[in-house]
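Student: Can you keep this structure in mind? I'll have questions shortly.
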Amino acid sequence: MTTEIAGTTPSLYEKDYLAWLEATADAIRQGNLSAVAWDNLLEEIEDMGRRERKSFKSNLIVLLHLLKWQFQPQYRSNSWKGTIVEHRRRILESLEESPSLRSSLEEVLARAYQDAVDLAEAETGLPRETFPPDCPYQITAILEKGFLPC
């Protein structure tokens, strides 16, 4: 546990996260940089980046419901289609807001695909061998509005 004064009082960061955020923003806005808990602020900025990347990968995994769509055509539903549309929208929005995500898109897709196969196997009951070992879809197709595999 970090403290404002070693071993005594819990910091505002530990007691009230929202109040700490507001106080930090106010201190920076007023130019009172000595009032900023820089270690905590840097930790939060790094966490924000990790959360953004994790969310991006998570949305990609869900978008790969495309596997269920392709390999269980008899169960296709508007709900599945809606899930695909929504998570494609989220990914495109993330790429628009954070273009630097594009540089790792292929790498993230490869990792997300393995997780998506695990999920598809669990949700469909189909054997793992049903699904290709590598993602069968090009990233441009995955992100293309309206793309659904046959």
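The values are calculated or read from the model by the stated rules, or taken from the named source; none is laboratory data. Bear in mind the structure is a predicted one, so any value in this text is a computation, not a measurement. Positions of Cβ are generated from backbone atoms using ideal geometry, with glycine treated the same way; all protein chains shown enter the neighbour counts.
Student: Looking at this structure, is ILE45 exposed (fewer than 13 other Cβ atoms within 10 Å of the Cβ) and within 22 Å of the chain's Cα centre (by Cα)?
Tutor: yes
Student: Of the numbered conditions (1) buried (at least 16 other Cβ atoms within 10 Å of the Cβ); (2) out of contact with any Lys or Arg (no Cβ under 7 Å at 6 or more places or on another chain); (3) modelled with pLDDT of 95 or more, LEU63 satisfies every one except a single condition; which is it?
Tutor: It fails just one condition, (2).
Student: If I filter segment 9-23 for residues that are farther than 19 Å from ALA122 by Cα, within 14 Å of the chain's Cα centre (by Cα) and either surrounded by 11 or more Cβ atoms within 10 Å (Cβ to Cβ) or in contact (Cβ under 8 Å) with a residue 12 or more places away in the chain (or both), do I get at least one hit?
Tutor: No, because not a single residue in segment 9-23 is farther than 19 Å from ALA122 by Cα, within 14 Å of the chain's Cα centre (by Cα) and either surrounded by 11 or more Cβ atoms within 10 Å (Cβ to Cβ) or in contact (Cβ under 8 Å) with a residue 12 or more places away in the chain (or both).
Student: Can you run down the residue pairs with Cβ atoms below 9 Å, 6 or more apart or on separate chains, where the first is in segment 81-106 and over 15 Å from THR140 (Cα atoms) and free of Cβ contacts under 8 Å to residues at least 24 places away in the same chain and the partner is buried (at least 16 other Cβ atoms within 10 Å of the Cβ) and of a type outside the set (D, E, K, R)?
Tutor: Matching pairs, first to second residue: THR83/VAL62; THR83/LEU63; THR83/HIS65; GLU86/ASN59; GLU86/VAL62; GLU86/LEU63.
Student: So for segment 95-107 (the condition being over 16 Å from PHE56 (Cβ atoms), assigned to a helix (DSSP H, G or I) and in contact with a helix residue (DSSP H, G or I) (Cβ under 7 Å, 6 or more places away or on another chain)), does at least one residue qualify?
Tutor: no
Student: With respect to SER55, determine if the residue is loosely packed, with under 11 Cβ neighbours inside 10 Å, of a type in the set (Ser, Thr, Tyr) and at pLDDT 90 or above.
Tutor: No: the conditions fail for SER55.
Student: State which residue is modelled with the highest pLDDT when the search covers only segment 139-150 and only residues that are farther than 16 Å from GLU86 by Cα and more than 20 Å from the chain's Cα centre (by Cα).
Tutor: PRO149
Student: So which of SER77, SER98 ends up being surrounded by fewer than 18 Cβ atoms within 10 Å (Cβ to Cβ), closer than 30 Å to TRP20 by Cβ and either outside the structural domain of THR24 (by TED's automatic domain parsing) or of a type in the set (Ser, Thr, Tyr) (or both)?
Tutor: SER98
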